[in-house]
1. Could you check how many percent of all C-alpha pairs in segment 18-67 are farther apart than 17 Å?
2. How far is helix 241-253 tilted off the main Cα axis of the chain, in degrees rounded to 10, range 0 to 90?
3. If you take the square roots of the eigenvalues of the alpha-carbon gyration tensor of segment 66-209 and sort them as a ≥ b ≥ c, do you get rounded (a/c under 1.5), prolate (a/b over b/c) or oblate?
4. I need the peptides 13-21, 229-237, 42-50 ranked by packing, meaning the mean over residues of other C-beta atoms within 10 angstrom, with the highest value on top.
5. Could you check the simple spin-label distance between residue 11 and residue 31, using points 7 Å along Cα→Cβ, in nm with one decimal?
6. So if I restrict to the alpha-carbon atoms in segment 122-187, what is the Rg, and what is Dmax, the biggest pairwise distance, in Å?
7. Specify whether the C-alpha gyration tensor of the chain places it in the rounded, prolate or oblate class, a ≥ b ≥ c being the square roots of the eigenvalues: rounded for a/c under 1.5, otherwise prolate if a/b is larger than b/c and oblate if not.
8. Shape verdict for segment 111-159, please, from the Cα gyration tensor: rounded (a/c under 1.5), prolate (a/b greater than b/c) or oblate.
C-alpha cells in the first residue's frame, strides 16, 4: 500500500540495504510477488512500483521538469512533435529495491512503440535513486535520462474516454531491457494485468489527456511510494454540465 517515502525507505528498503549486490540481483530484484487483483474504473491504478517524482497537468510544450535549465515537455517525453493534448502526467521512479513488473492502470486495448536512446548509451539514473534513498528528496539535476534514454510508448485505447492514455517506460543506463509480455499490437488488457517488465532502475510515466467531460484528480502526493495495481493514482469523475461548458469556453479562447 502507498507509504510516505521515509516510511518506505525505513520499512521496506532498510532490511535489504546491507545485502551484497549479488544477493540483491539474484534473490530480490527479479521477484514478482502475488498480489490481489483490483478492478474499479473510477480510478487509474499505479502502473509501477516506485516513488512519485512529479504530477501535474501540462500543455504539450509546457515544462514537466527543468533539466539543467532546459524544459522537458510531453512532446519530448513521447518524442512526438504532433502531440497536441493538454494532459495530466505522473512520473514514478522505480528504484533497484522495487518490483519491476508493470501493470495496466485502466482497461482497454494496448499497442506499443519502442524508441531507441538518443545517444549511444542510456544515461544513468543512479543520482536520482541515491537522492531518494539517502536524502529523501528528488535531485532533478540528475534526471537527464528523461531526455535521452530508450523508452517504450504504450498507448491504451479505452471505451470510456475519447482519447487514449499512455504509459511511458524509460530504461536505465546501458540496459536494453523493456520486455513486453505480449508481442501483439492492439490487444485487450485488463486493469491490473501484468504487461511488461523493465530491468534495474527505471521510470514509468502515466499520461492522461484532459477531457471536457471527465475530471482526473491525483490521489497520491509527490514523494509517496506506490505499488503497481494496488494503489490508485487518479480518481475519475464525470464533470457537471456547467464545468464542461467552462472548459469548452477556455479551449475555444486558446
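Laboratory data are not the source of any read-out in this text; all were calculated from the coordinates shown. Quantities reported herein were computed from a predicted structural model and do not represent experimental measurements. Note: ideal-geometry Cβ built from the backbone for every residue, glycine included; neighbour counts use all protein chains shown.
1. Distances greater than 17 Å cover 65 percent of the Cα pairs.
2. 90
3. prolate
4. Working: 13-21: 10.7, 229-237: 19.1, 42-50: 24.0.
The densest-packed peptide leads the list: 42-50, 229-237, 13-21.
5. Roughly 1.5 nm, to one decimal.
6. For segment 122-187, the Cα radius of gyration and maximum Cα-Cα distance read 15.4, 43 Å.
7. prolate
8. Oblate shape, in that a/c is at least 1.5 and b/c is the bigger or equal ratio.
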